[in-house]
Each structure stands twice: as C-alpha cells, then as structure tokens.
Amino acid sequence: MYDSNARPIFPPAVPVQVEKHKVFVSFHHADEAYRQEFDRIFGDHFISVSVDEGDIESENEDQHIKRLIQKDHIVNSSVVFALYGAETHKRKHVDWEVSGALSAKVGGHKGLIVMLLPTFPIAPYNVNREYDPSVIYPYLHPRTAANIKSGYADLYYWPGLYTDYPGVNTVPIKQIIEMAFNKRDSHDHLIENSHPQYQRNLA
C-alpha cells in the first residue's frame, strides 16, 4: 500500500506473543503451600504439566510412580522448576524428576531451573558474606548441584529472598523460562546426569 507521495504504508506492528512453555514443578510435599503460591504468582506465564494432588496414588510401587511421572508429566514439559526447601534434598522423588528432566530418553532434555524457597536452610554466602552458591550444594541433590556447577541449570531465589545482597538473580519469570528453554540445545553438552538415582528418602 502507498500514500500519495508513493511512500509505502505499513499497518501498525502487532505485538509478538511469546509462546508459553510447558513447565513441570518438582517439590517436596512439605512445601505444598509454596508450590501453590508459585502457581498463583507465575502461573499465567506457563502451561503447567505438574503432578497435582490425587493424580498418582502414593500406594503405587516406586518404579511405577517414576514411570507415571515421566510418561504423563515430565515427557510433556520443556522446562522443569525444582523448588528447594528445608528437606527437599532428602526426597527421592525430586531426584527422580530432576534426572528425568535431564534425560534425552524422557522426551528430550528439559531446561532446568532451581529456585530456593524461604525455608531453605542456608543462605548462598560464604563466611566473608560474599555471594558463593557453592555453600548451598550440600543441601541439594548431588545431581542438581552438579548441573548448577556445570552451568546447565540456572539458580534463582524466591521473590524477595536475599535482595539485600549483590549477585542474586532477579530476572523476570518469563525470561527465566525462556533462557532455560533455549539452553536445552545451546548448553546440552553441560548436562551431568551420571549420579546414581536415590533409592530411598534420606533420614
């Protein structure tokens, strides 16, 4: 289309809608309230494929539960959020879910995001009060810690947590998800999924 001076006229630009990614949220049942709050705060920015209460009978055998979670939920996701509270690192199911997220056999690699909850037992600062994520590794599953260390998994904190200190990631949720989604291809060589899966919950 042209105006009277023979200059092209283009219609107004239409805002580009960013695709919503399918997200699986892994968490310890003791942190159910935070998981629900996570969905309330951020749920408009992704499509949830998480396990909801009643989806899987707890009386099922462990291997059957693992297959159901991977086949019906994680396989359909593109990004996995692991919410870590006080006891999360002791739970076998969370380790299984992180392992499934990192396995190419479970629908391809997923982006992995680790978020510390306010109940997490230690702050990411060393004795000199310098930002140092390595101090939190003993309170994560070894598999999770290894992928933060390698650079494949991204580490973030519950909104408002540790904001008084420099170095803490406060990237908007949509950008967090998009970066993790893109890492599936750009950073897949950094995936570390060799640690043996937990066979039981830790005491």
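What follows draws every value from the coordinates through simple rules; no lab data is involved. What you see is a predicted model; the values in this text were computed from it and never measured. We place every Cβ from the backbone using ideal geometry, glycine too, and count neighbours over all the protein chains shown.
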Highest to lowest packing among 43-49, 22-28, scored as the average C-beta count within 10 Å:
22-28, 43-49
Taking the mean number of other Cβ atoms within 10 Å as a proxy for protection, how do you rank 81-94, 119-132 from highest to lowest?
81-94, 119-132
Cut-off under 5 Å, modelled amide H: who pairs with L112 long-range
V80, D154
Förster radius 25 Å - calculated FRET efficiency between H195 and D132 (Cβ-Cβ, nearest 0.05)
0.65
FRET efficiency estimate (nearest 0.05) - Cβ-Cβ, E37 to T163, R0 22 angstrom:
0.80
